[in-house]
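Here the structure is laid out as structure tokens; the discussion comes afterwards.
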Amino acid sequence: KAFDKVNPDPALFPEFDVDLRDAMKRETELFLESQVREDHGVLELLTANYTFLNERLATHYGIPNITGNAFRPVPLADPARGALLGQASVLTLTSHANRTSPVLRGKWLLANMLGAPPPPPPPDVPDLKEAEEAGRALSMGEKLARHRTNPVCASCHVRMDPLGFSLENFDAVGKYRTLDETGEPIDASGVLPDGTPFD
């Protein structure tokens, strides 16, 4: 039900409408149904190389040759798009109306995929500021790095942020991108708290 209330900013994401929201939701329902019905291993939630698309969602993803309103299983050649974490429903649900949120995405991964939700933030934690430096807007990574200078914030963000940044190639409505909102190339690599690097 939470996804039904998601409303990305229409000025930034004019292509998002009720039909696209319904298609995103249906993709995830059909994918999870097939995982259970076909008795796939739990790790395939993260590694599956197929999904279910209709024309509207395929167009949103930039996948050609899918026509009509009916959903059908589609093999995916692009490993970035596969499985649950490449689905626009998850990516949109874990974003703000006007931008991505590595924090929301990292928190969602910790809680829903790893079973290790972070504690709630302290009541006096300030919001992320729309800061500038030397006349240029700061990237999301730079803003969160500043936020982590507060030791109270860092204790949770050191776990959430790397996971959330791993999905930063997807914008707030799940479209793949290579540049962030400041025009800088996206670096979706990271290091886990135990020192393990990933890309």
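Considering only residues in the stretch 177-199 that are modelled with pLDDT of 90 or more and assigned to a strand (DSSP E or B), the one that is nearest to Leu12 (Cα to Cα) turns out to be Leu179. When the test is whether a residue is within 16 Å of Asp171 (Cα to Cα), small (Gly, Ala, Ser) and either out of contact with any Ser or Thr (no Cβ under 7 Å at 6 or more places or on another chain) or open to solvent by 10 Å² or more (accessible area, probe 1.4 Å) (or both), Ser95 passes it.
Taking the numbered list (1) modelled with pLDDT of 75 or more; (2) hydrophobic (A, V, I, L, M, F, W, C); (3) in a loop (DSSP other than H, G, I, E, B) in turn, Leu128 passes all entries but (1). Taking the stretch 95-105 as the range and being in contact with a Gly (Cβ under 8 Å, 6 or more places away or on another chain) and either closer than 25 Å to His40 by Cα or in a loop (DSSP other than H, G, I, E, B) (or both) as the test, the residues that pass are Ser101, Arg105. For the stretch 162-176, residues that are in a loop (DSSP other than H, G, I, E, B) and open to solvent by less than 20 Å² (accessible area, probe 1.4 Å) total 5.
State the number of residues belonging to the stretch 1-60 that are among the polar types (S, T, N, Q), in contact (Cβ under 8 Å) with a residue 60 or more places away in the chain and assigned to a loop (DSSP other than H, G, I, E, B). So the count comes out to 1. For the stretch 67-88, filtered to residues that are assigned to a helix (DSSP H, G or I) and open to solvent by 10 Å² or more (accessible area, probe 1.4 Å), the residue that is farthest from Ser189 (Cα to Cα) is Leu84.
Against the test of being more than 30 Å from Val158 (Cβ to Cβ), surrounded by fewer than 17 Cβ atoms within 10 Å (Cβ to Cβ) and touching a Gly at 6+ places or on another chain (Cβ under 7 Å), the options Glu38, Glu55 yield a single qualifying residue, Glu55. Applying the set (1) within 22 Å of Arg177 (Cα to Cα); (2) at pLDDT below 95; (3) open to solvent by 40 Å² or more (accessible area, probe 1.4 Å) to Ile63 leaves exactly one unmet item: (2).
The values are calculated or read from the model by the stated rules, or taken from the named source; none is laboratory data. On a predicted model such as this, the values are computed, not experimentally measured, just so you know. We place every Cβ from the backbone using ideal geometry, glycine too, and count neighbours over all the protein chains shown. Note: areas computed on protein heavy atoms with side chains; ligands, DNA, RNA excluded. Shrake-Rupley method; radii C 1.70, N 1.55, O 1.52, S 1.80 Å.
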